Each structure stands twice: as structure tokens, then as C-alpha cells.
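Contents: one structure, followed by commentary.
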Amino acid sequence: MTAPTQTPQPSPLQTSIRDLQQQLVVILDFGSQYSELIARRIRETQVYSEVLSYRTSASDLRRLSPKGIVLSGGPNSVYDDFAPECDREIWDLGIPVLGVCYGMQLMVKQLGGGVERADRAEYGKASLHIDDPTDLLTNVEDGATMWMSHGDSVTKLPEGFEILAHTNNTPNAAIADHDKKLYGVQFHPEVVHSIGGQALIRNFVYHICDCEPTWTTEAFVEEATREIRAKVGDKRVLLALSGGVDSSTLAFLLHRAIGDNLTCMFIDQGFMRKYEPERLVKLFQEQFHIPVEYVNARERFLAKLEGVTDPEEKRRRIGHEFIRVFEEESRRLGPFDYLAQGTLYPDVIESADSNIDPKTGERVAVKIKSHHNVGGLPKDLQFKLVEPLRKLFKDEVRKVGRSIGLPEEIVKRHPFPGPGLAIRILGEVTAERLKILRDADYIVRQEINRHGVYHDFWQAFAVLLPIRSVGVMGDKRTYAYPIVLRFVSSEDGMTADWSRVDYDFLELISNRIVNEVPGVNRVVYDVTSKPPGTIEWE
Ligand code: XMP
């Protein structure tokens, strides 16, 4: 079977990076789950890297003039009907290329070598036996464990190529055409199980592509400042501050770039943790000298939730009210030309997965994650967007935040849901319940901080149940709410495990809550992981 010819098309993302000051290594994405990870690994070497569609044409690549190109892995076999192919002219650009797994097989196929289904698919760890320890494999130990995941194998090398390394099952585990600076590896150097994988990536980036370590936090801040000024000029920008690391970093960068033309608006819907609104405003005004328009909307949000018990309806009303307040306040404070959004790099990656229908090979709509509460603004309130964090991964935002002086309490803050405590009070939200939960939650935070275990958890918080149980205190019967403690560990919030905490620690928190928070007479601990539970209770 021969793959139909596919014409590479220009990618919309390229316009956003054409003005790039940084040296660049491009990853062409063939649908691997690790494409983003390759970008992160390269960025860890302080060289900027972006993931582009495999359809990016050679002429677009020439214009971008990357120092190197990585072809990612992918789920296909190079002989599949609609196997994705890159522009064949990239081999003649004179730019070094590293093909990873599928990327290597495609390189071999397009350059006249042979790829066949292997006798045995190879998944998992394999020892890499090094035949040529120069350039790509410098500092990679002979016998190093590398992580394999492939069904096809390279059976014949294209002209000019030689073997750099093999494994017991794979004779051509790493190959090179040194003169043309074309390299291929059958394994995945980007995953943590590949020992020496990062050394290989460094070799590619520094020795083969001749990059310099220019992707640093300081360089990013300088470049972002320049870009914001060039884009926004002396126009006015509105930013909805939430107190999280993204919007806080955003505020700092924008204020640095355009000063008073930035307006930070903080809408207090009344569902934040105890003292947080006050602390946030104080921090920004007094420590950063960034003015914040504080909007106290507590009453109106609470009124909207009166009598509402359905979780989705609560979320819907809060989201809707947020937009209404935002709209009114931005009219009052405006007009504004731009709205600042905390879009991050994973939101804008143009991935092969989302571009190609696997059945027909047709290009389909690019998936853009909807995020932030201001997505549903009315038509007459449309702003132009400024998104200075769009090149960053989350951990890079943290680094930038830290470098510009955001305190650790913001940089490493646990995730906190937009609807806040309203979805941690099950059933109807009332002023009384909010006070109880806020006080109980505050005790949890105090004890976690006091014991120095804040960073042991992905999240740790209290939930209030809208039922009452019987207890006894000081010879008197009580009939009051239970509080649930929800402490979890997680990598990304998609799955989570309940945290195994010390019983004495739990007892301490339980005693304090029952003794200090009127209206609570019982504390329970949630021992459900996600799935089947979710982290939040609503
Ligand atoms: P669940 O409850 O689905 O939560 O396991 C996963 C992660 O997402 C957070 N979360 C939210 N974050 N707005 C947010 O910004 C929301 O509406 C929202 N709901 C849940 C939750 O805290 C956890 O980290």
C-alpha cells in the first residue's frame, strides 16, 4: 500500500512565532502522546521548542529557520492508508533532523530505506548497545535502558546512513547520516524511563544543531515585555485577576510592559477562602504596586444561589453571574481595547491528533480548549486578546512567576475551582454555611502549613455536607453539620489518590474544627480515589 500524497499546508501558529527572537527547535507532530514532552525536554536544555503539525511545509520551515527539527513518534505504521507524511523537501533544507520512532521510520522510508513489521512488537525497556559513541550518543552509557514502543522496524538503511546503536531485538535502534545531520532513534529518549535520554537530547540540541541556551526565564520576560508593548502600544488592557499563578504572572508581565494602561479587576463572588480576597488585593497593591479594581459582588452571587441545590445549576448560575458582573464592570471602567487571557502553550498546540480524521484523512477543526470564565461575553463587548503566556507550559509559568517575585504561596498554590467554596457546600449555599465552611477550611490550611506538609498534597480542603447528625458536647446533645476532609495526591488532576495521612494529624484537625467552629459536631475523612470519585464533591 502506498500512502496518498498529502500536500503540506501552512499552519496558523506559524504567524505567531515568525517574529521569534529565540533560537528554535521545531517538533513535527505525527500524533504521538509524547510530542509535548519532547518540547518540554528540549526547553529544559534552555532552548526554545514548539510543536507544529506534520503538515508544515518545507518553505514555512525555511522561513522559521529552526536550528533543528524533531519528527515525533505516532500511532501509525508508515504503510497505513492515511499514514501522515512530512514534506519530502525537508531533507534538503540543510537543517539537522532527529526522527523518533515513527519519525525515524518515515525518514528511512522517504529516503529510500526499508521498514517492515517486526517479528515481535517491542514495548517497554531495552538495553541500548552503543556502536558509535560519538555525537548523538556522547555521554549515553553503553547498556543504558531506553524505552521502546514499536511494531515496525527499520530493515534497510537509506544510502549514507550507518548504525549508531542496537538492542537485542532491534539492529537499527539508532542511526545517522552524519554528513547530512539526519538522525533516527527507534526508542523514546523523551520519557523518564529512558536513562540517558536527556543526554541524547542535549547532544542533538547543542552538538548537532549548534544551539545556545537562550530560553531562560529572564529572556522570556524581556521578550514578552517587548511583544506586549509592540502589540498593545498605548491601548488599554483589562485583566480578570483570580489570585492563581497564571493570572498573577500575567498581571505582573503586563504591568511591567504597559504600566497604568493595565486594569486588573478582581471580582469577589464571596466563595473564596478565608482572608484570600483581602490578601490578594493587599499583595498586589502594596507589594507589587499594581492597582486592583476590587469588585465586591458577594451579595448578588449569594442571591442567585438561593434555593438552588443542583450542582450543575449552581455552576451555571455562578458562571452566568460572573459574566454579567464582568460585563457591567468593564463597561464602567472601560472602554478597553484588549482583554488579557492566561492561555498556556498546551491550549494552542496544533496537534496531528486534532487535525486529522483517522478514518478519512480529512483535516478537521482544531481543538482549542475553552477556558476562563469570560468566554461567553456578549457580542458588543468583544475584545481583542493579548495572551503573553501562550508560549509557556505550566511549570514554566511557575518559574517566570517566581523570577518576577511572586511569593511561593501564589506560585505553588493548590488548584482552586472557579466556583470556589460554593461547590464545596453540598446543596444550597447560604451565608451561614459559607461561614462554617470557611472557618473549618481555614483550620485545615493552618494545620497543614504549621506542619510543613502543604506541598505533600495536590489539594487539601474541607467540604460541608447539608445534613446533620447527633453528637454530645459538655453533657449537651448537639445536632449539627459534618465536615469532610478531602486530601489528595495527583499529577495533573485527571486521576487522584486519597492521601494516607497520619491519624494524630487528622485527630488534631478534627478536634480543632469541632471545638472552634460552631455548627459542626463531626469530621470525616474521604478515602475515595479518582476515579471513581472526583476531587471536588460537586
Ligand atoms: P474534579 O472535581 O473534576 O476536579 O476531580 C479536577 C480538578 O479541577 C479543579 N476544578 C475546577 N477548576 N474551575 C476550575 O478552575 C472549575 O469549575 C473546577 N472544578 C474542578 C479541581 O479543584 C481539581 O483540581
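Taken together, ARG500, ARG486 contain a single residue that is within 16 Å of the ligand (Cβ to nearest atom), free of Cβ contacts under 8 Å to residues at least 60 places away in the same chain and either within 21 Å of ARG433 (Cβ to Cβ) or exposed (fewer than 14 other Cβ atoms within 10 Å of the Cβ) (or both), which is ARG486.
Within region 512-523, if we keep just the residues that are loosely packed, with under 15 Cβ neighbours inside 10 Å and touching a strand residue (DSSP E or B) at 6+ places or on another chain (Cβ under 9 Å), the residue that is nearest to ILE425 (Cα to Cα) turns out to be PRO518.
Looking at region 253-351, the strands (runs of 3 or more DSSP E) lying wholly inside it that each contain 1 or more residues that are exposed (fewer than 15 other Cβ atoms within 10 Å of the Cβ) and of a type outside the set (Asp, Glu) sit at 292-296. Against the test of being more than 30 Å from SER53 (Cβ to Cβ), crowded, with 23+ Cβ neighbours inside 10 Å and of a type in the set (A, V, I, L, M), the options LEU128, LEU106 yield a single qualifying residue, LEU128.
One residue stands out in region 403-432 among those that are without any contact (Cβ under 8 Å) to a residue 60 or more places away in the chain and in a helix (DSSP H, G or I): the one that is nearest to the ligand (Cβ to nearest atom), namely GLU409. Contact map, region 455-469: first residue under 15 Å from ALA440 (Cβ atoms), second residue basic (Lys, Arg) and assigned to a loop (DSSP other than H, G, I, E, B), Cβ cut-off under 6 Å, separation 6 or more or different chains; pairs are VAL463/ARG424. Restricting ILE509, ILE448, ILE423, ILE410 to residues that are over 30 Å from LYS304 (Cα atoms), buried (at least 18 other Cβ atoms within 10 Å of the Cβ) and within 28 Å of the chain's Cα centre (by Cα) narrows the list to ILE448.
If only one of GLY99, GLY112 is modelled with pLDDT of 95 or more and at positive phi, which one is it? Talk me through it step by step, then tell me what you get.
Working: GLY99 fails: at positive phi.
Step by step, each of GLY99, GLY112 is checked, and only GLY112 is modelled with pLDDT of 95 or more and at positive phi.
For region 151-161, what are the residues that are under 37 Å from the mean Cα position of the chain (by Cα) and either among the acidic types (Asp, Glu) or surrounded by 21 or more Cβ atoms within 10 Å (Cβ to Cβ) (or both)? The answer is ASP152, SER153, VAL154.
Is it fair to say VAL115 is in contact with a Ser or Thr (Cβ under 8 Å, 6 or more places away or on another chain) and of a type in the set (Val, Ile, Thr)?
Considered against the rule, which asks whether it is in contact with a Ser or Thr (Cβ under 8 Å, 6 or more places away or on another chain) and of a type in the set (Val, Ile, Thr), VAL115 comes out as yes.
For the condition outside the structural domain of ARG40 (by TED's automatic domain parsing) and modelled with pLDDT of 90 or more, what is the one hit in GLU329, GLU362, GLU350?
Numbers: GLU362 fails: modelled with pLDDT of 90 or more; GLU350 fails: modelled with pLDDT of 90 or more.
None of the others qualify; the one that does is GLU329.
Please indicate, with yes or no, whether at least one residue in region 141-153 is in a loop (DSSP other than H, G, I, E, B), under 23 Å from ILE208 (Cα atoms) and among the aromatic types (Phe, Trp, Tyr). Looking for residues that are in a loop (DSSP other than H, G, I, E, B), under 23 Å from ILE208 (Cα atoms) and among the aromatic types (Phe, Trp, Tyr), one finds none in region 141-153, hence no. Restricting region 426-445 to residues that are surrounded by fewer than 16 Cβ atoms within 10 Å (Cβ to Cβ) and not basic (Lys, Arg), which is nearest to VAL517 (Cα to Cα)? Selected residue: GLU432. Taken together, the residues in region 191-246 that are in a helix (DSSP H, G or I), within 21 Å of LEU37 (Cα to Cα), of a type outside the set (Phe, Trp, Tyr) and under 21 Å from the mean Cα position of the chain (by Cα) amount to 3.
Of all the listed residues (ASP87, ASP92), the sole one being surrounded by fewer than 18 Cβ atoms within 10 Å (Cβ to Cβ) and under 24 Å from ASP210 (Cα atoms) is ASP92.
In region 87-96, is there at least one residue being aliphatic (A, V, I, L, M), under 31 Å from the mean Cα position of the chain (by Cα) and closer than 30 Å to LYS399 by Cβ? Quick ask: steps written out before the conclusion?
To start, the set of residues in region 87-96 that are aliphatic (A, V, I, L, M) comprises 90, 93, 95.
Filter again for under 31 Å from the mean Cα position of the chain (by Cα), leaving 90, 95.
Now restrict to residues that are closer than 30 Å to LYS399 by Cβ: 95.
Yes, that holds for at least one residue.
Here LEU164 fulfils each of the conditions (1) part of a strand (DSSP E or B); (2) touching a Lys or Arg at 6+ places or on another chain (Cβ under 8 Å); (3) surrounded by 24 or more Cβ atoms within 10 Å (Cβ to Cβ) apart from (2).
The values are calculated or read from the model by the stated rules, or taken from the named source; none is laboratory data. This one's a predicted model, so the numbers in the text were calculated from it and none came from an experiment. Methodologically, a virtual Cβ is constructed for each residue, glycine included, from the backbone with ideal geometry; neighbour enumeration extends over all protein chains shown.
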